[in-house]
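Working notes, beginning with the structure itself.
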Amino acid sequence: MEFIGRLHPLLVHLPIGILLLAVLFEWLPFRKPYKSLRRSIRIILWLGFFAALSSVVSGLLLKESGYDLQSVKLHQFAGIALTLITGVYAWARGQKQFKRMYKFLSVLVLLLLLTTGHLGGTLTHGENFLFASASTETELTQVNLQQAHFYNDLVKPILDSKCYACHASGKQKGKLRLDAPEYILKGGKGGVILVAGKTDESELIHRIVLPLDDDDHMPPKEKNQLTQSEVEILKLWIASGADFEKSVVESNQLGALQKILTTKKPEPAAEIPEGNPDAANPTVINELMQLGAVVLPVANGSHYLSVNLVNVVAVDSALDLLVKVKQQTVWLKAGDLSINDSHLAKLAQLNQLIKLNVERTVVTDTGLSQLNALTQLQYLNLNQTTISATGIKQLTSLKNLRSLFVFDTKVTADDVPELQNIFPNAKIEIGNYIVPTLETDTIILK
Amino acid sequence: MNEKFIHELQRKQLEETTRRHFLRECIAGMGGLALASVFGSCNPFEKQDKYAALFSSNPLAPKAPQFIPKAKSVIYLHMAGAPSQLELFDYKPALHKLDGQDCPQSLLEGKKFAFIRGVPKMLGPQASFKQHGQSGAWVSENLPHFSSIVDEVTFLKAMQTDQFNHGPAQLLMHTGSARLGRPSMGSWVTYGLGSENQNLPGFVVLTSGGTNPDAGKSVWGSGFLPSVYQGVQCRSEGDPVLFIKDPEHITRDLRKASIDAINEVNKIHYEEKGDPEILSRIAQYEMAYRMQISVPEVMNINDEPQYIHEMYGTKPGEVSLANNILLARKLVEKGVRFVQIFDWGWDSHGTDSNLAIDVGFVNKCRTVDKAMTALILDLKQRGLLDETLVVWGGEFGRTPMAENREGKKNPFKGRDHHTEAFTVWMAGGGVKKGFTYGETDEIGYSAISGKTTPFDLQATILNQLGFDHEKLTYEFQGRPFRLTDVHGKVIHEILA
């Protein structure tokens, strides 16, 4: 029985299609060529009637499993009415004396069809589905925090946009409703979901922060996910006592909220640029490989390339070839090679580079400034070269730099503060770590 | 369909080459560091055509991972015998108070131990602990150097396994099955990624401590994968690889001449048959020839500067864990995917002083502490830590009870094998820094939260290398196999 009920979402599309066709055929033949279509209306209507009837039956069976009876009622009423009217219409279509009623009945069927369909859609997708804006993020930042009510103005809109579709008046998956304080406190099938002051123990948060591919993760994988700041707001609300009455100011969370909503967190370093460029010329890739280079997509399906020149002897030719695939080349390992300043000029043309290794090469301060063209660069490894702070300081255009490796170069710890000013987001690694030898290291206990 | 048959044929051929595996296949995979210079001296184009052919047919050709990887290489430090978590990372003050008391029945009922019989006594922690770093991780006095880098490390404190003997437990850890016959983790990785440096193998194994691990060489075997993917065991003393030297009275010239002759025959064969496998075989012979020079070069730590030796505590010319750890760094730097280090002698039962938790165990700690600390810091300064996943651990844990072999008190303090709780740590390769996941009960008997298994660890390692562990599969005996078989969940909680 339950199975037949679950067929409802499938079955309902039959009467929609069939009856629309009937209405179309009723109105279309005002021009000659379509006149013959009229004859088929009766059979279409009977088909539609039986389709509508089976939808009603399956719908009634489905009703028992977790839908709010109030909102189902209207849908149910409209559906039954539609079925009855369709039946009357189909019967009347065969009786000549009701000829003048045909057009009227068809309009009535159309209206009932739209009503039933819309009400049904509301049940499954939530009330705001049709007109909801794409994101609540922008709305949240427009809230005036000084006067805002914590629950009503911040928490509720988040729940509304991300949770109500399945946990509100329409549907109560897991017997959980989130559209009013008393429901939220009551919890769902699994018990209480909110422990005031304890984010870790609140199922509400736990489910949201579970990894996306966990079966228990909420919202389900395929649904619209909460943004990082939305999660932070929910956490803050629970941590501050999960109060439904207080304003932001009253709950002393003004500062924390401002931080969440205003400061844009630095995006985690992207390993590759967004999107996918055109595939690189296979001939060029082949030639590179013949020179001994390892050329690979960064991952299956990506056109971005990771290139390692580890086995290359003919560095000049390899770099000339690389320039031809510069749109795709994002990671380049060119360490342990005889890369010199004139090679850097060619490297500088690879302006999509995100990672560049030129450790243990013969590049110098003089040539280094050419790398300023690599504005996308996030990782630069200059270890064990003769580079000094003077050379690095010229690289003012590398605004995206996150990691700079200058171990075993002429850069010293004293240079770091100044370099840090030039690259505020970069981790500058000068290395020279020492693991002191302790007395106990060599003592062997007997 | 045809393609499938050809693949099958290629694999069958590969399977049959096990006997002379090293010289014929692996050396070929390894190639020469000197390759480059030798190429330079020959007519470059003639050689390079064959080299290019290698990429299309060599099973060790580099491949792209399934998704963008966090780590490019793995260094797995396996302390064979299973170090005691209770004297290193899992601080249990409550166990102190129980020291010397009879173990409660509730901990023994329905449990099986390798050697404990009857009712053993509880054994308090045999080392003093302190919190270290900003993360406040507890580390014992046995690891004074490692204590300084805990903020680089993620601890998995609630590891559990279901094998209480070394062999099966080691197999489970590295092959995903306690029985023989499955490919090891390193083999799966080389199967999935190939070898980036065509002059070196993708998967190198280094052992120390006097013996190979209890499970034997199967812990780096290739199982049902083609044997090219098995780990290449290199030695840090004498010839790095057995039989790499030319036989006596065979001069370098003669060797070259014989390889040229073989290649000439192969070439004729290729012209007749047109099978690209033959081209790859030619290239492999040439690489093997060059590798006779190059492998000893890579495996030589003499040329490392003095401050590196001081940092690692290495002494060139001896077989030691420290030397192997330094070698691991060198290999990873050259593009080796998976370095598997086994150090034997961590089986602290308390049956003699070498296996006593307060004597031999402390000595073992001293052989690894400085070197593994240096490894993390050295990788960090070289810009390699972010792309190298370092994993450290044993095959299981040790009991909070003192071992009483045959029901009698052991002559020294020691602990028995224990499956219900042990610690593994990881660093670099996209895992969190200064983080602890999982918890054991107050005496460290059993994991109580954040439990993880060898399968989870394997899934996580593959994940960091850019693989969905459920999708890296190999068709064998009528079904697709994978490292984690039907288990394993990526430990997302520890990922940065």
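Where a number appears in this text, it was derived from the coordinates with a stated rule and is not lab data. Only a predicted model underlies this, so the values are computations on that prediction, with no experimental measurement involved. Heads up, the Cβs are rebuilt from the backbone with ideal geometry, glycines too, and the neighbour counts pull from every protein chain shown.
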Quiz item: When you count, for each residue, the other Cβ atoms within 10 Å and take the mean per peptide, how do B:339-352, A:170-183, B:79-92 rank with the highest first?
Solution: B:79-92, B:339-352, A:170-183
Quiz item: Mean separation of Cα pairs under 8 Å and 6+ residues apart, divided by the residue count of region A:282-429: what relative contact order is that in percent?
Solution: 15
Practice problem: Based on the mean of other Cβ atoms within 10 Å per residue, sort peptides A:13-23, A:354-364, B:396-406 so the most packed one is first. | Solution: B:396-406, A:354-364, A:13-23
Exercise. Using a/c under 1.5 as the rounded threshold, could you call region B:277-424 rounded, prolate or oblate? The axes a ≥ b ≥ c are square roots of the C-alpha gyration tensor eigenvalues, and prolate needs a/b larger than b/c, oblate otherwise.
Key: prolate
Quiz item: Which shape class applies to region A:2-125: rounded if a/c is under 1.5, otherwise prolate when a/b exceeds b/c and oblate if not, where a ≥ b ≥ c are the square roots of the Cα gyration tensor eigenvalues?
Solution: prolate
Exercise. For chain B, give the magnitude of the charge dipole about the Cα centre (Cβ charges: +1 Lys/Arg, -1 Asp/Glu; no others), in debye to the nearest 20.
Key: 340
Practice problem: Quote the charge dipole size of region A:137-262 about the Cα centre in Debye, to the nearest 20; the model charges only the Cβ of Lys and Arg (+1) and of Asp and Glu (-1). | Solution: 300
Quiz item: Cα gyration tensor of region A:254-397, axes a ≥ b ≥ c as square roots of the eigenvalues: rounded (a/c below 1.5), prolate (a/b > b/c) or oblate?
Solution: oblate
Quiz prompt | DSSP bridge pairs, the protein assembly as shown: antiparallel proportion in percent, nearest 5 | solution = 45
Quiz item: Quick one: if you stick a label point 7 Å off each Cα along the C-beta vector at A:R39 and B:E439, how many nm between them?
Solution: 8.0
Exercise. Towards the positive end of the charge dipole of the protein assembly as shown, with charges on Cβ (+1 Lys, Arg; -1 Asp, Glu), say which of A:V248, A:N400, A:V362 has the farthest Cα.
Key: A:V248
Practice problem: State, as an integer percentage, the relative contact order of region A:66-123 based on alpha-carbon contacts under 8 Å between residues 6 or more apart. | Solution: 51
Quiz prompt | Calculated FRET value between B:L180 and A:Q147, using beta carbons and R₀ = 51 Å, to 0.05 | solution = 0.10
Quiz item: Taking the Cα-to-Cβ direction at B:H7 and at A:A196 and moving 7 Å from each Cα, how far apart do the two end points lie in nm?
Solution: 6.2
Practice problem: Find the relative contact order for chain A and round it to a whole percent, using C-alpha pairs within less than 8 Å whose residues are 6+ positions apart. | Solution: 7
Self-check item: Dipole of chain A, positive end: most advanced residue of A:G94, A:V435, A:L61 [Cβ charges, Cα centre]
Solution: A:G94
Quiz item: Using just the C-alpha positions of region B:65-179 as equal point scatterers, what log10 of I(q)/I(0) does the Debye formula give at each q in 0.13, 0.21, 0.23 1/Å?
Solution: -0.73, -1.32, -1.35
Exercise. Per DSSP H run of at least 4 residues, take -39500 (n - 2.57); add these up for the protein assembly as shown, divide by its residues and hand me the 222 nm value, nearest 500 deg cm²/dmol.
Key: -11000 deg cm²/dmol
Exercise. Would you mind working out the magnitude of the charge dipole of chain A relative to its Cα centre, with +1 at each Lys and Arg C-beta and -1 at each Asp and Glu C-beta, to the nearest 20 Debye?
Key: 3540
Practice problem: Starting with the highest mean, order A:192-202, A:206-216, B:190-200 by the number of other Cβ atoms within 10 Å, averaged over the residues of each peptide. | Solution: B:190-200, A:192-202, A:206-216
Quiz item: Based on the Cβ-Cβ distance of A:N224 and A:L20, what FRET efficiency does E = 1/(1 + (r/R0)^6) give at R0 = 25 Å, to the nearest 0.05?
Solution: 0.25
Quiz item: When you look at the Cβ of every residue in B:192-205, what mean number of other chain Cβ atoms sits within 10 Å?
Solution: 2
Self-check item: For region A:137-216, with +1 on Lys and Arg beta carbons and -1 on Asp and Glu, the positive-most of A:S202, A:G170, A:I158 along the dipole
Solution: A:G170
Quiz item: Taking the Cβ-Cβ separation of A:N252 and A:T124 as r and a Förster radius of 51 Å, what is the calculated FRET efficiency to the nearest 0.05?
Solution: 0.80
